[in-house]
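Notes for the one structure printed next.
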Amino acid sequence: MGIALEDVRDLRTWLAAVGDIGELHVLTGADWDLEIGAASEVNYRRPAPMALLFDEIDGYRPGLRVPSGSMSNARRLGLTLRLGTDLDDRALVQALRSRPAEWIANADKFPARTRRCHRGS
């Protein structure tokens, strides 16, 4: 993987990391009202759903994108939680068993940050 797990700190780096492991499919030109939901639903029903990124959405300015299916498999959830990308469902459950207590103990090291929201079109 080109991006180290500890370097995944925001959605942009997460998308790059998911792309690096071959699990991101970018769809351009979708209609927000008819196609994004339908494509996401079809994707979720696949045996191995991809992470989808809808870009260049009809009627919206460039740069406004919509992710879908981001946590629909153990590999991407493992990446998100910094547990690794080589996990299947069983290994993910095992890896998660001790983590909540650790995350609670370290929560004060990760203060919340407010970001300005950008409005569309």
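So the values come out like this:
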quantity: Some residue of segment 26-44 being under 14 Å from the mean Cα position of the chain (by Cα) and assigned to a loop (DSSP other than H, G, I, E, B); calculated: no
quantity: Subset of segment 95-121 (residues that are modelled with pLDDT of 85 or more, exposed (fewer than 10 other Cβ atoms within 10 Å of the Cβ) and basic (Lys, Arg)); calculated: Arg97, Lys109
quantity: Residue list for segment 45-56, filter: over 17 Å from the mean Cα position of the chain (by Cα) and within 18 Å of Leu11 (Cα to Cα); calculated: Glu56
quantity: Residue satisfying all of: in segment 1-25; in contact (Cβ under 8 Å) with a residue 40 or more places away in the chain and in a loop (DSSP other than H, G, I, E, B); farthest from Val66 (Cα to Cα) among these; calculated: Met1
quantity: Inter-residue pairs, beta-carbon under 9 Å, first free of Cβ contacts under 8 Å to residues at least 40 places away in the same chain and in segment 95-109, second of a type outside the set (A, V, I, L, M) and part of a helix (DSSP H, G or I), 6+ apart; calculated: Ala95/Gly78
quantity: Members of segment 85-105 that are of a type outside the set (S, T, N, Q), within 20 Å of the chain's Cα centre (by Cα) and assigned to a loop (DSSP other than H, G, I, E, B); calculated: Asp86, Leu87, Asp88
quantity: Residues (aromatic (Phe, Trp, Tyr) and either at pLDDT 95 or above or out of contact with any Gly (no Cβ under 9 Å at 6 or more places or on another chain) (or both)) located in segment 51-71; calculated: Phe54
quantity: Test: Leu64 is out of contact with any Pro (no Cβ under 6 Å at 6 or more places or on another chain), in a loop (DSSP other than H, G, I, E, B) and surrounded by 15 or more Cβ atoms within 10 Å (Cβ to Cβ); calculated: yes
quantity: Of all residues in segment 36-61 being of a type in the set (A, V, I, L, M, F, W, C) and under 17 Å from Ala16 (Cα atoms), the one that is surrounded by the fewest Cβ atoms within 10 Å (Cβ to Cβ); calculated: Met50
quantity: Given (1) in contact with a Gly (Cβ under 9 Å, 6 or more places away or on another chain); (2) farther than 24 Å from Gly69 by Cα, index of the condition Arg113 fails; calculated: (1)
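The values are calculated or read from the model by the stated rules, or taken from the named source; none is laboratory data. Note that this is a predicted model, so its numbers are computed, not measured. Methodologically, a virtual Cβ is constructed for each residue, glycine included, from the backbone with ideal geometry; neighbour enumeration extends over all protein chains shown.
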